[in-house]
Every structure is written in structure tokens, then in C-alpha cells.
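Okay, structure first, notes after.
The values are calculated or read from the model by the stated rules, or taken from the named source; none is laboratory data. Worth saying up front: this structure is predicted, and the values here are computed from it rather than measured. All Cβ positions, even for glycine, are placed from backbone atoms using ideal geometry, and neighbour counts span all protein chains on display.
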Amino acid sequence: MSATLFDDAGAEAAKGQEPLAVRMRPRTLDEVMGQGHLLGEGSPLRRLVEDDAPMSVFLWGPPGTGKTTLATVVSKATKRRFVELSAVNAGVKDVRAVIDEARRRMGMNGTRTLLFVDEVHRFNKTQQDALLPAVENRWVSFIGATTENPFFSV
């Protein structure tokens, strides 16, 4: 899972061909509409981002409300490498690979990683436990997105 010369090959050419929704996504916290209690001046999430603090956050809401977009905005604002996993098809091996790569990059050049897990409520206990050391030791910042109440399903 190490970076190669070809990791981003074709990304520049494909930029103009992205769907309109992707091209219109907010790129900064100020471009995100709504959620002023979370993103407004002095709000908890904005302070975490502006202070560049390590974070572990669960975003809970219905599909299409901007959970993934918010995670990418946080990643850009904190200059962290964005890695997205879907709990629907990711296993412990995938989680460990991301963590190992995050530790390697942090050690090599100080690059920090934001791990975004979509549908995190689908992770079983073993998969969740695989994340704990990385979050506790701050090898990754973590944002989990769920459509289910995290008090009952995570």
C-alpha cells in the first residue's frame, strides 16, 4: 500500500468529467451550508479543525446530508491525507493496512491521516477493536459516518 508514481495517474484528466454534485461540493468549512451549531465560529467541530487537534468524531444523519463531504473538508483543512473505507466491504485486514500505511507516512515525512469509515455501524466488534490502537495512539484521526443512532449501533 505504499505510494507509487502512478497513484494519481489520470486524476487530473478526470477532474472535468466528475459529476456535477462532486464538482459543486464544498471545499472549506465556510462553504458548508447549515449545521451552524457544529460549524459556526467557536463551535466544537470548528475549534477542533482550526486548532488542528487530533480527533475522533461520529457523524450521524440520513443519507445525503453531507457526512462524507464534511469529512473531506476536515481532511483538507487540517492537511491530513484522506482515506475512505466502507464498512460494508472493508475487513480487519483493510483497516490494519490503512493504519500501517498511516504510521509509515507519519514516520517518513510527518504526513498525518484522516480515516473516514462510512456506514461504521456495520463494523462488528472485532473490526471496531482493530481501530482502537490507531485512534488511542493518534496514528490516525477518525471520522465515522452512520445513518443509525451510534448510541445503540456502534
Q: Please tell me if Glu31 is surrounded by fewer than 18 Cβ atoms within 10 Å (Cβ to Cβ) and within 12 Å of the chain's Cα centre (by Cα).
A: no
Q: Please state which of the following conditions Lys79 fails to meet, knowing it meets all the rest: (1) at pLDDT below 95; (2) over 27 Å from Asn124 (Cα atoms).
A: (1)
**Q.** Subset of the stretch 35-64 [in contact with a Ser or Thr (Cβ under 9 Å, 6 or more places away or on another chain), over 15 Å from Thr78 (Cα atoms) and without any contact (Cβ under 8 Å) to a residue 40 or more places away in the chain]
**A.** Gln35, Gly36, His37
Q | Per-region count, the stretch 98-114, residues of a type in the set (A, V, I, L, M, F, W, C), more than 14 Å from Asn137 (Cα to Cα) and within 16 Å of the chain's Cα centre (by Cα) | A | 1
Q: Return a yes/no flag: does the stretch 31-45 have any residue that is in a helix (DSSP H, G or I), closer than 19 Å to Val135 by Cα and aliphatic (A, V, I, L, M).
A: yes
Q | Of residues in the stretch 107-154 being among the basic types (Lys, Arg) and touching a residue at least 24 places away in the same chain (Cβ under 8 Å), the one surrounded by the fewest Cβ atoms within 10 Å (Cβ to Cβ) | A | Arg138
Q) Does Thr78 qualify as being surrounded by 13 or more Cβ atoms within 10 Å (Cβ to Cβ) and under 21 Å from Thr147 (Cβ atoms)? A) no
